[in-house]
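This report refers to the structure that appears directly beneath it.
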Amino acid sequence: KNLSFSGLTAMEKKLAEYKCNTNEAIQLKLVRFPEDLEDENTTFNPEYSHQVFGDDEVAFGYKGLKILLYYIAGNLSTLFRIEYTSKVNEKFDCVEADDVESKIREIIPPGFCTNTDDFVSLLEKEVNFKPFGMLLHTYSIHNEEAGEDITYHIYKADMTCPGFREYHERLQTFLMWFIETASFIDVDDERWNYFLVFEKYNKDGATLFATVGYMTVYNYYVYPDKTRPRVSQMLILPPFQGEGHGAQLLETVHRYYMSSPTVLDITAEDPSENYVKLRDFVLVKLCQDLLCFSPVKLMQGFSQEMVMEAQQKLKINKQHTRRVYEILRLRATNMGDAEQSRSYRLDVKRRLIGPYKKKQRELAKMRRCLRPEEMTNQLNQIDLNLQREQLEESFQQLVSDYRRVLERLAQA
C-alpha cells in the first residue's frame with residue numbers, strides 16, 4: 001500500500017511541475033520601438049484569465065510556459081507565440097497538455113504574426129496609422145519621466161470608419177484580461193458608440209499615435225423620441241492607468257451627449273467600484289457650479305430643482321444626482337459642528353435605510369405567517385440593532401469615499 005501511495009505522490013509532484021499560472025504566463029506588450037521587444041519594463045500581465053483558462057487560471061502540461069501577445073501600440077497588429085522549456089509527453093506520462101493555442105485563438109482575431117521578423121516589418125508601417133472617426137477632445141498631461149507634456153486625443157468612431165471593425169476586434173481582446181465579467185459586443189448593432197483615447201508620440205521625426213483606452217456606449221431607445229446612453233465597457237490599458245485618462249474620457253463622453261437634445265440621461269451597466277468613484281468625481285466636477293448646488297441650497301436638503309437641472313443641463317439621472325448632492329453637501333458641512341454633522345448623517349442615512357425598510361416589511365409579513373408573536377418582537381429587536389450597525393458602517397464607508405472624491409477635486 002505504502003509503495004503505491006508514495007508512487008502516486010511522486011507522479012503528482014511531477015505533474016504539479018507542469019502547471020503554470022496563466023496570469024503570469026501571459027505576457028502583454030504595446031510596442032512602439034523594436035527595442036521594446038527585449039525590454040522587460042514594457043511587459044504587463046493580465047489581472048484575470050479565468051474566462052479563457054477556467055477558474056483556477058492554470059494551464060497544464062508545460063514548464064516555463066510563456067504566452068506572448070505583443071501588440072503594435074497604435075493599430076494593435078498582433079504577435080502571438082507560445083514558448084516553454086518542456087512539455088509533457090503523452091506516450092510517457094499518459095496525460096495530455098492543454099491546447100493553449102486554440103484557447104487564445106478563440107479570442108484573438110485571425111491575421112496575427114507568429115514570428116518576430118514579420119512583426120518588426122509591420123512596425124515600420126505604423127507611421128501610416130491614424131486614429132478613427134471624429135476628434136472630440138485634446139488634453140495634455142505632464143509626464144515626469146519624459147520631462148515634458150504629452151498630448152492625448154479622444155475620438156468618436158463607428159463601424160463605417162475604414163479598418164475600424166478589424167481594429168476593434170483586436171482592441172476588445174484586452175477586456176478578457178482586465179474586466180472580470182467581460183463579453184464581446186454585437187458590432188452590427190448600430191446603436192453602439194465607440195470612444196477612443198490615443199497618445200501622440202514622436203518616432204524619427206514623425207508623429208505617431210498609440211492606443212490608450214476606450215469606452216463603448218449603447219443608446220437605448222426611450223419612448224417616444226429620446227435615447228438613454230448606457231456605458232457598457234470602459235478600459236484604460238495598464239501602462240496608462242492612474243494618469244487621469246478615465247476621468248478625461250468619461251467627461252468627454254458626457255459632454256458629447258450633453259449637447260444632444262434627444263438624450264434623456266446617461267447610465268451605466270453593472271458599474272464596478274472603481275467606475276463609481278470615477279463617475280462621482282466627473283459628475284461632481286460638472287455639477288459644482290450649478291446654482292441649485294450652492295451651499296445655501298445644499299443645506300436645505302435634496303430638491304426636485306437639483307434633479308431637474310442636473311438632468312436637463314448635464315444629462316445626469318436622479319440617482320446619480322443624489323450622490324452628487326451628498327458629496328457637495330459634505331464639502332459645505334462643518335463636520336466639527338455637532339448640529340451640522342448630525343443633520344448630514346440623518347439625511348444620508350434616511351436614503352440608506354430605504355432598502356432596509358423594504359426588507360423589514362417583507363420579513364415581517366413572512367414571520368406573521370410562521371411564528372408566534374413574542375418571538376417576532378425579539379427578532380425584530382435583534383434585527384434593529386444589527387441594522388443600526390450596518391447602517392453606521394455603510395455611512396462611514398460612504399463618507400470616506402466621498403472625501404476621496406473631494407480631495408481629488410481640490411487637486412483638479
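The values are calculated or read from the model by the stated rules, or taken from the named source; none is laboratory data. All figures in this text were calculated on a predicted structure; none of them were measured in a lab. A quick note on method: Cβ atoms are made from the backbone with ideal geometry, for glycine too, and the neighbour counts reach across all protein chains shown. The protein model used for the area step is the full one, side chains on, heavy atoms only, and it has no ligands, DNA or RNA in it. Shrake-Rupley method; radii C 1.70, N 1.55, O 1.52, S 1.80 Å.
Given the Cα-Cα distance of residue 369 and residue 187 and 0.36 nm per residue of separation, how much length would full extension add, in nm?
Values: separation 182, 0.36 × 182 = 65.52 nm, distance 5.15 nm.
Stretched fully, the residue 369-residue 187 segment lengthens by 60.4 nm.
Once R0 is set to 35 Å, what does the formula 1/(1 + (r/R0)^6) return for the Cβ-Cβ distance between residue 50 and residue 85, expressed as a FRET efficiency to the nearest 0.05? Before the final figure, lay out the partial values.
Details: r = 25 Å, r/R0 = 0.71.
The formula returns an efficiency of 0.90 here.
Rank 401, 270, 186 by mean-square fluctuation in a GNM of the chain with C-alpha springs under 10 angstrom and give only the top-ranked residue.
186
Run the accessible area of the range 130-270 with a 1.4 Å probe and give the carbon-and-sulfur part as a rounded percent. Let's see the in-between values first.
Working: 3010 of 6510 Å².
Solvent-exposed carbon and sulfur of the range 130-270 make up 46 percent of the total.
Taking a threshold of 32 Å on the Cα-Cα distance, which of the pairs 87/203; 156/226; 200/285 fall above it? All intermediate terms of the calculation are to be shown ahead of the outcome.
Working: 87/203 40 Å; 156/226 20 Å; 200/285 26 Å.
In this structure, 87/203 lie more than 32 Å apart at Cα.
About the Cα centre, and with charges only on the beta carbon of Lys, Arg (+1) and Asp, Glu (-1), how big is the dipole of the chain? Nearest 20 debye, please.
Values: 53 positive and 62 negative charges, 469 e Å.
Roughly 2260 debye, rounded to the nearest 20.
Which of 104, 27, 65 sits closest to the plus end of the dipole of the range 15-126, meaning its Cα is farthest towards the positive end, when Lys and Arg get +1 and Asp and Glu get -1 on the C-beta?
Of the candidates, 104 comes out farthest on the positive side.
Return the distance in nm (one decimal) between the two label points of a simple spin-label model at residue 387 and residue 101, each offset 7 Å from Cα along Cα→Cβ.
Going from the residue 387 label point to the residue 101 one covers 6.2 nm.
Hey, what angle do you get for helix 245-258 against the long axis of the chain, alpha-carbon based, 0 to 90 degrees rounded to 10?
Roughly 60 degrees, rounded to the nearest 10.
In 5 Å bins starting at zero, report the fraction of Cα pairs in the range 15-126 per bin as a rounded %.
2, 11, 21, 22, 18, 13, 7, 4, 1, 0
With both bridge residues required to lie in the range 15-126, what share of the DSSP beta bridges run antiparallel, to the nearest 5%?
Details: 13 of 20 bridges.
Beta bridges within the range 15-126, antiparallel portion: roughly 65 percent.
What does the net charge come to around residue 181 if you take all other residues with beta carbon closer than 12 Å to its beta carbon, with K and R at +1 and D and E at -1? Walk me through the numbers before you get to the answer.
Numbers: positive: none; negative: 180, 269, 270.
The answer is -3.
Extension gain residue 160-residue 409, at 0.36 nm per residue separation less the Cα-Cα distance, in nm? Before the final figure, lay out each step's value.
Details: separation 249, 0.36 × 249 = 89.64 nm, distance 3.79 nm.
Once the chain is fully extended between residue 160 and residue 409, it gains 85.9 nm.
Count charges around residue 194 for me, please; just the other residues with Cβ under 11 Å from its Cβ, Lys/Arg as +1, Asp/Glu as -1. List each step's numbers first, then the result.
Numbers: positive: 156, 165; negative: 158.
Residues close to residue 194 contribute a combined charge of +1.
For residue 302, what charge total do you get from the other residues with a beta carbon under 12 Å from its beta carbon, if Lys and Arg give +1 and Asp and Glu give -1? The partial results should precede the final answer.
Details: positive: 297, 318, 322, 323, 329, 350, 351; negative: 305, 326, 347.
Once positives and negatives cancel, what remains is +4.
Hey, could you grab the Kirkwood Rh for the range 130-270? Inverse mean 1/r over distinct alpha carbon pairs, Å, one decimal.
Values: mean 1/r = 0.0622 Å⁻¹.
It works out to 16.1 Å.
Once you place label points 7 Å from the Cα toward the Cβ at residue 139 and residue 120, how far apart are they in nm?
3.8
In Å², what does the accessible area per residue of the chain work out to with a 1.4 Å probe? Working shown, then result.
Details: 22700 Å² over 412 residues.
I get 55 Å² per residue for the chain.
Quote the FRET efficiency, to the nearest 0.05, computed for residue 38 versus residue 230 with a Förster distance R0 of 30 Å and r equal to the Cβ-Cβ distance. If you can, show how the numbers build up before the last one.
Numbers: r = 43 Å, r/R0 = 1.43.
Once the sixth-power term is evaluated, E becomes 0.10.
Once neighbouring chains are kept in place and the probe is 1.4 Å, which whole percent of the accessible area of the range 15-126 is contributed by carbon and sulfur?
Working: 2480 of 5840 Å².
Of the solvent-accessible surface of the range 15-126, carbon and sulfur hold 43 percent.
Please identify which residues in the range 235-273 have an amide N closer than 19 Å to a label point set 7 Å out from the Cα of residue 203, following the Cα→Cβ vector.
Counting only backbone N, you get 237-240.
Using the alpha-carbon atoms, what tilt in degrees (0 to 90, nearest 10) does helix 164-178 show relative to the longest principal axis of the chain?
80
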